[in-house]
Amino acid sequence: RLIYPIPQNRYGDIITHLRSNFFLEEPLNKAVELSSPNVDLEATILDTLHENLSIMALKSDTEQVVGAVLNGIIVPGDILKAQEKLEKSNDEKFKKIFSFLYKTNEKIDLFTRYNVDKIFEGRILSVDASLRGYGIGKRLLVQSEEIVRRENCKIWKMDVTGIYSQRIAESNGFETVLELQYETEVIENGQPLFNIPPPHKSFKIVVKYLN
Ligand code: ACO
């Protein structure tokens, strides 16, 4: 069962779900061994939840949270503000991931590229480890499209870090605007920045253009 909007009294359950799934298993988090619980990541998640654009998946019988897509909208200048905020973090692993994401997004500058003043962002996609491969992730994205349209956003983007999220994006009509191979193209001082375990190979920024 997909629920939108997510009532505030379920935010704690979303965080609990993400702590034991997304925090440990999303490829970049896994590569740096991000701590879970995580003060900084949870603060950004709560900010995103308060935008009221996210959807959760519940198990029908128990009402347990088994998945979520956390969505938000960004406007020009948001990345710069986020980078300034990131400077204050003491969590080096969190900083490593987010400085890479912000830098890469700043470089491709989707606002100029598509001539838009707001972008709908799929920030976190997570499904309970025991229920993966049943199409829950895909359904969360299909359902998100209604919200993107209602918000009048023409550009819907995601940073997709692993092959399953990349496959879901492709089957939902997203196109790749940037692909970086982890071993050879995400490099710092001649070494891969993240040691990403297989089967994941590349980082992608994907975009769906809505008419
Ligand atoms: N083995 C093989 N294929 C798989 C597997 C698996 N374990 N899991 C999913 N797939 C394939 C499916 O076959 C499907 O491909 P198809 O469309 O060609 O048939 C595709 O991946 C999508 O499958 P869904 O069942 O819709 O996805 P699921 O509900 O399993 O959720 C998700 C995918 C969210 C990526 C899940 O694996 C997860 O939570 N991973 C950990 C967190 C993570 O990495 N999140 C994404 C990071 S990027 C971001 O958040 C924006």
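Report the residue, chosen from GLU170, GLU84, GLU151, that carries the largest GNM mean-square fluctuation when the chain is represented by alpha-carbon nodes joined by springs under 10 Å.
GLU84
Could you calculate, for the chain, the ratio of the Cα radius of gyration to the Kirkwood radius, expressed as Rg to Rh? Before the final figure, lay out the partial values.
Numbers: Rg = 16.3 Å, Rh = 17.5 Å.
Rounded to two decimals, Rg over Rh is 0.93.
Choose one answer from ALA68, ALA82, ALA57: the residue with the largest mean-square fluctuation in a GNM of the chain with alpha-carbon springs under 10 Å.
The residue with the greatest mean-square fluctuation here is ALA82.
If you average the C-alpha positions of the stretch 1-63 and of the stretch 140-169 separately, how far apart do those two centres end up, in angstrom?
The distance from the Cα centre of the stretch 1-63 to that of the stretch 140-169 comes to 17 Å.
Under the rule a/c < 1.5 gives rounded, and otherwise a/b versus b/c splits prolate from oblate, where does the stretch 91-191 land using the Cα gyration tensor?
Numbers: a/c = 1.90, a/b = 1.18, b/c = 1.61.
Note, shape of the stretch 91-191 comes out oblate.
Would you list ASP109, ASP61, ASP159 from fewest to most Cβ contacts within 10 Å?
Working: ASP109 11, ASP61 7, ASP159 18.
Going from least to most buried by this count: ASP61, ASP109, ASP159.
Given 25 °C and 0.890 mPa s, how large is the Stokes-Einstein diffusion coefficient of the stretch 32-85 in µm²/s, with Rh as the Kirkwood radius over Cα pairs? Each step should come with its number before you reach the end.
Values: Rh = 13.3 Å.
My calculation gives 184 µm²/s for D.
So which lysines can LYS59 reach, going by Cα to Cα under 27 Å and dropping same-chain residues fewer than 8 places off?
Candidates past the 8-residue exclusion: LYS30, LYS138.
Mind checking the dipole of the stretch 62-211: about its Cα centre, +1 per Lys or Arg Cβ, -1 per Asp or Glu Cβ, Debye to the nearest 20?
Roughly 200 debye for the stretch 62-211.
Taking N as the number of residues in the stretch 72-124, what value does Rg over Cα atoms divided by 2.2 N^0.38 Å take? Don't jump to the answer; show the numbers that get you there.
Working: Rg = 11.7 Å, N = 53, 2.2 N^0.38 = 9.9 Å.
Here the answer is 1.18, to two decimals.
Which of the GluC sites (Glu not before Pro) found in the stretch 25-55 are loop residues per DSSP with 12 or fewer other Cβ atoms within 10 Å of their Cβ?
Those satisfying the criteria are GLU33.
If all Cα-Cα distances of the stretch 148-188 are sorted into 10 Å bins from 0 onward, what percent lands in each bin, rounded to whole numbers?
Histogramming the stretch 148-188 at 10 Å steps yields 24, 45, 24, 6, 0 percent.
Loop only per DSSP, at most 13 neighbouring Cβ atoms within 10 Å: give me the trypsin sites (Lys or Arg not before Pro) in the stretch 12-101, ordered by residue number.
LYS59, LYS88
Could you tell me which of rounded, prolate or oblate describes the stretch 1-98, using a ≥ b ≥ c as the square roots of the eigenvalues of the alpha-carbon gyration tensor, with rounded for a/c under 1.5 and, failing that, prolate when a/b is larger than b/c and oblate otherwise? Don't skip to the answer; put the middle values down first.
On the way: a/c = 2.42, a/b = 1.42, b/c = 1.71.
Oblate shape, in that a/c is at least 1.5 and b/c is the bigger or equal ratio.
Suppose only helical runs count, i.e. DSSP H with n ≥ 4. What mean residue ellipticity at 222 nm does that imply for the chain under -39500 (n - 2.57) per run, divided by all residues and rounded to the nearest 500 deg cm²/dmol? Before the final figure, lay out the partial values.
Values: 9 runs with 88 residues, N = 211.
Mean residue ellipticity at 222 nm (helix-derived): -12000 deg cm²/dmol.
Excluding residues fewer than 8 places away in the same chain, name every one of the lysines whose C-alpha is closer than 21 Å to that of LYS85.
Within reach: LYS93, LYS95, LYS96, LYS103, LYS107, LYS118.
Calculate the length of the line joining the C-alpha centroid of the stretch 181-211 to that of the stretch 82-105, in whole Å.
16
Of the residues ASN21, ASN115, ASN52, which exhibits the maximal mean-square fluctuation in a Gaussian network model of the chain defined by a 10 Å Cα contact cut-off?
ASN115
Taken together, the values in this text are just the output of simple stated rules run on the coordinates, not laboratory data. Model, not experiment: these values are computed from the prediction. Glycine gets a Cβ as well: all are built from the backbone with ideal geometry, and neighbour counts include every protein chain shown.
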